[in-house]
Structures are given as structure tokens and as C-alpha cells.
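Read the figures in this text as sums done on the coordinates, not as results from a lab. Please read all numbers here as calculations on a predicted model, not as lab measurements. For neighbour counting, all protein chains shown are included, and Cβ atoms are generated from backbone atoms with ideal geometry for every residue, glycine included.
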Amino acid sequence: MYRRILVGSDGSATAHKAVDRAAAVAAATGAEITILTVGSPERAGAVVAAERDRVVKEHPEVADQVRTKIDSGDPSHVILDEAEAGGYDLLVVGNKGMTGASRFFLGSVPNKISHHAPCALLIVRTT
């Protein structure tokens, strides 16, 4: 089953749903979960700290399995690079931006990731 799960979060309410799903999978499989945020160190640091605190509070069974990571750059590239370099078994992202006509917009992060994921991918319906 899964040993290492990577989930991307921008701190939004829709991203919380993807993080919660990743935490549920981690709880069911005993996997380690890494929450990755892409952005400036100050903002990204605050986002991952808040996400980690929320996950530990709402999913105490995975408290010892939660890691965080921040990086900067293009979100889809950073997430894909980390998924590959980190040897993750599962990548979890939300579907935000993949509704209606916008699902065909090639710039959306979930869309780019769906075409290039180096491991299993779970796209969580968040909208």
C-alpha cells in the first residue's frame, strides 16, 4: 500500500479538503504524509504550520506521520519534482480550477500534474 503521501496545499478551504483526504489515506495505510506549500518562505511557512496544526487536531491518529515542506517556483513543477525526488507513492491534489470550461485550461495546476505525475495520483473533488 502507500508508504509516503505528498499533498499540495495553498491554505485555501478547498485545499483543506485535499489535505483531509490525504490524512484519511495516511491513517488507513500507516503512511507518512508531507504537506507541501509553494510560495514565499513567510507565507508558505505560515500555511504549512497552520495545515499541520489543523491535521493533527482533526486527525490525531496521524500526528506522528505528518511532515511539512515549503518551496518556491511554479507550483505544478515544484509538486511534480518533489513527488519524484522524494519517492512518494501517492500524490494528492484538489480539483480546484477543473470545473466547466476551465478544466480545459492547460495552465491549471491539477491539470498539469495529472499529465505528468510520477506516482499514483488522487484528485480530490473540492469544489
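Taking Glu32, is it touching a residue at least 12 places away in the same chain (Cβ under 8 Å), of a type in the set (Asp, Glu) and touching a Cys at 6+ places or on another chain (Cβ under 9 Å)? Steps first, please.
Numbers: touching a residue at least 12 places away in the same chain (Cβ under 8 Å): yes; of a type in the set (Asp, Glu): yes; touching a Cys at 6+ places or on another chain (Cβ under 9 Å): no.
No, not satisfied.
Just give me the residues in segment 108-122 being β-branched (Val, Ile, Thr) and in contact with a strand residue (DSSP E or B) (Cβ under 6 Å, 6 or more places away or on another chain), in sequence order. Quick ask: steps written out before the conclusion?
From segment 108-122, those β-branched (Val, Ile, Thr) are 109, 113; that's our starting set.
Selection gives Ile113 alone.
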Quick one: which of Val93, Val62 is under 20 Å from Val124 (Cα atoms) and either of a type in the set (Asp, Glu) or under 15 Å from the mean Cα position of the chain (by Cα) (or both)? Val93
List the number of the failed condition for Asp89; all other conditions in (1) out of contact with any strand residue (DSSP E or B) (no Cβ under 9 Å at 6 or more places or on another chain); (2) closer than 19 Å to Asp20 by Cβ; (3) acidic (Asp, Glu) hold. (1)
